[in-house]
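Read through the structure below, which is laid out as structure tokens, and then see the notes.
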Amino acid sequence: MNKEELKEKYGKKRVPHEWRKTDWLTTLVVTFFGSGMSPKAPGTMGSLAAAIVAYPMTVLACKLFEFESYIFVGSEIFGLFINFFFLAAALVVFFAAIPFVNKAMKDTGTEDPGWIVIDEVCGVFMALAFIPCSLIDEYPVYLAIAFGLFRFFDILKPLGIHKIEKLPGAWGVMADDLLGGLYAAIVLWLGTMIAFLFSF
């Protein structure tokens, strides 16, 4: 995404309290409990809220239910973790949010306004899809790294993310963040594998 496109998307003036034009449930969902209502950097605030919420979700999966939510595909030294807990969370948020995002944009007459941040939540959850919950629980820094990587891909939109964003309606709003989260997950997994290899 070039500078002009970034300025058009993130630099435009937002209508105050635009979300008031839709119903309270839709507002609650698309702003992720109000985190998207931040007057500055709502996407960052929504992503941060998702990363914060991800920690108790991890505790819930790994400790309360004593549930290890991943499978390991590959050799003993190098392979892929598939964390079904966060992968499922990302996909559930993705599909569940589509009608709410469509309604919010229709009711307010907007197209991907900054205060819709449920897509960022989907992306952050997807960014954790290749890291086991037990590892996240032991090293919460993974949440900060996932947050940073996702925001990198979400803002710059490289590697086809910008094209996915052009899908119609809520599909474009949600799909580009899901893809950004997938790229973040791959980078985070690669970093984990490299660190694991150097630990030997």
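The values are calculated or read from the model by the stated rules, or taken from the named source; none is laboratory data. Small disclaimer: the values here were computed from a predicted structure and weren't measured. Every residue, glycine among them, receives a Cβ derived from its backbone with ideal geometry; neighbour counts consider all protein chains shown. What goes into the accessible areas is simple: the full protein's heavy atoms, side chains included, and nothing from ligands, DNA or RNA. Shrake-Rupley method; radii C 1.70, N 1.55, O 1.52, S 1.80 Å.
Here are a few things to note about the model shown:
- Remark: spin-label model distance ILE155-ALA195 equals 2.2 nm, labels positioned 7 Å along the Cα→Cβ axis.
- Accessible-area composition of region 114-165, carbon plus sulfur, in percent [1.4 Å probe]: 76 percent
- Between TRP171 and ILE82, the distance separating the two model label sites (each 7 Å from Cα on the Cα→Cβ line) works out to 2.5 nm.
- Residue-wise HN-Hα coupling along region 146-159, computed from phi with Karplus coefficients 6.51, -1.76, 1.60 (Hz; x: Gly, Pro): 4, 4, x, 5, 5, 4, 4, 5, 5, 7, 7, 6, x, 6
- Computed over region 73-186, relative contact order equals 34 percent, with contacts defined as Cα pairs under 8 Å that lie 6+ residues apart.
- A 1.4 Å probe, protein heavy atoms only, puts the accessible area of PHE33 near 150 Å².
- Ranking TRP171, TRP189 by solvent-accessible area of protein heavy atoms (1.4 Å probe, all protein chains present), from largest to smallest, gives TRP171, TRP189.
- Distance violations [Cα-Cα > 32 Å] among LYS40/LYS163; LYS103/LYS157; LYS40/LYS157; LYS21/LYS63; LYS40/LYS103: LYS21/LYS63
- Accessible surface of region 17-68, 1.4 Å probe, proportion on carbon and sulfur as whole %: 71 percent
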